[in-house]
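Reviewing the structure listed below.
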Amino acid sequence: MPVGIWSQKKFGYAPLGLADGPVKSAIFGGNNARLYDIQPKRTMLELKGDRFAMMKAAYEKAGQEPSNTRYGYVVPSKSIDHRVFA
């Protein structure tokens, strides 16, 4: 039994709600943002043009199938024992 459910039953606590609900959002996001003086909406706007956002946009634009492009090849220095992959 998960600890949260155990303590709810033992001490009579109410459930915290949905994963993206207001209580858990405050616990895991809003409170930390205030502690570190982060403004979530402004920060999200700043992140929209970063390198990873552009990579994600290019990936989504390419379609659902991955490209499977290889970027280099490593030549093994000795023979590979393929039994370890079985």
Tell me, which residue of region 1-22 that is modelled with pLDDT of 85 or more, part of a helix (DSSP H, G or I) and not basic (K, R) is surrounded by the most Cβ atoms within 10 Å (Cβ to Cβ)? P22
Can you find a residue that is modelled with pLDDT of 80 or more, in a loop (DSSP other than H, G, I, E, B) and either in contact with a helix residue (DSSP H, G or I) (Cβ under 9 Å, 6 or more places away or on another chain) or surrounded by 10 or more Cβ atoms within 10 Å (Cβ to Cβ) (or both) anywhere in region 23-46? yes
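The values are calculated or read from the model by the stated rules, or taken from the named source; none is laboratory data. Not measured: the values here are computed from a predicted model. Cβ coordinates were reconstructed from backbone atoms using ideal geometry, including for glycine residues, and neighbour counts include every protein chain displayed.
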